[in-house]
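J.: Take this structure first; my questions come after.
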Amino acid sequence: MEKIKLEDDKHLFCVTAKSFPDGILEAHQTLHKQISFKKNRNYYEFSYMNPEHQIIYKAAAEELESGEFGNINLETFKIKKGNYNSITVKDYEDNIPKIKEAFDELKKNPNIDPNGVALEWYSDGPDCKCMIRLKDNFKNLNKRIIKWQIQK
């Protein structure tokens, strides 16, 4: 497991799957019909639980240049900057079950951001980074709690 720090928010353009997991392929096909494939483009998948406890899944891409997708009618979503725990899945196309295993491991951390998403990051190459955002300043929060308990 490694820590990755996203220095800036990532503004993504995405397509929501009609269902999970059955709608994943269709979401990707819809995204790739509207956005031309470029080798140096970052692609993402992310999911989260809605209030009805259903998994919402989105296939997403990042602009290479600001305004590049200006004429494309896609949803937008912001991935928050911050610290993420990450597990790299090598040769993900041959190891799809490893992605679920990576998220199962990442979700064990008690300091994950409860408002975050399960994020898959696909850059150039055969690997995928599975990432979950950590709470902001959780180390400082723990120090404050310890200090409060001592003063009490």
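The values are calculated or read from the model by the stated rules, or taken from the named source; none is laboratory data. None of the values given here were measured: they were computed from a predicted structure. With ideal geometry, Cβ positions are generated from the backbone for all residues, glycine too; neighbour counts draw on all protein chains shown.
J.: Aliphatic (A, V, I, L, M) and either touching a helix residue (DSSP H, G or I) at 6+ places or on another chain (Cβ under 8 Å) or exposed (fewer than 14 other Cβ atoms within 10 Å of the Cβ) (or both), is that true of Ala27? Give the steps one after another, and end with the answer.
T.: On the way: aliphatic (A, V, I, L, M): yes; either touching a helix residue (DSSP H, G or I) at 6+ places or on another chain (Cβ under 8 Å) or exposed (fewer than 14 other Cβ atoms within 10 Å of the Cβ) (or both): no.
Here the answer is no, as Ala27 does not meet what is asked.
J.: Do any residues in region 34-59 that are more than 21 Å from Arg133 (Cβ to Cβ) have Cβ atoms under 7 Å from those of residues that are aliphatic (A, V, I, L, M) and outside any loop (DSSP other than H, G, I, E, B), where the two are at least six apart or on different chains, and which pairs are they?
T.: Close Cβ pairs (under 7 Å, with a partner that is aliphatic (A, V, I, L, M) and outside any loop (DSSP other than H, G, I, E, B)) amount to Ile35/Ala61; Arg41/Ala61.
J.: Go through region 11-41 and give me each residue that's closer than 16 Å to Ser66 by Cα and in contact with a Lys or Arg (Cβ under 7 Å, 6 or more places away or on another chain).
T.: The answer is His11, Cys14.
J.: Find the residue count for region 30-58, including only residues that are surrounded by fewer than 12 Cβ atoms within 10 Å (Cβ to Cβ) and among the polar types (S, T, N, Q).
T.: So the count comes out to 4.
J.: Considering only residues that are assigned to a strand (DSSP E or B), over 12 Å from Ile79 (Cβ atoms) and modelled with pLDDT of 90 or more, which ones fall in region 14-49?
T.: Within region 14-49, Val15, Thr16, Tyr43, Ser47 meet the criteria.
J.: Follow-up question, since we're still on this one. In region 61-102, what count of residues is obtained for those that are touching a residue at least 40 places away in the same chain (Cβ under 8 Å) and either of a type in the set (Lys, Arg) or farther than 19 Å from Thr16 by Cα (or both)? Working first, answer last.
T.: Within region 61-102, the first condition is being touching a residue at least 40 places away in the same chain (Cβ under 8 Å), and the residues that meet it are 61-63, 69, 72, 74-89.
Keeping just the survivors that are either of a type in the set (Lys, Arg) or farther than 19 Å from Thr16 by Cα (or both) gives 78, 80-89.
Counting residues in region 61-102 that are touching a residue at least 40 places away in the same chain (Cβ under 8 Å) and either of a type in the set (Lys, Arg) or farther than 19 Å from Thr16 by Cα (or both) gives 11.
J.: Exactly one condition in (1) touching a His at 6+ places or on another chain (Cβ under 6 Å); (2) basic (Lys, Arg); (3) at pLDDT 95 or above is not met by Lys78; state its number.
T.: Among (1) touching a His at 6+ places or on another chain (Cβ under 6 Å); (2) basic (Lys, Arg); (3) at pLDDT 95 or above, the lone unmet condition for Lys78 is (3).
J.: A further question on this structure: Identify, please: which residue in region 108-120 is under 12 Å from Ile87 (Cβ atoms) and more than 13 Å from the chain's Cα centre (by Cα) and is, among those, surrounded by the most Cβ atoms within 10 Å (Cβ to Cβ)?
T.: The selected residue is Asn109.
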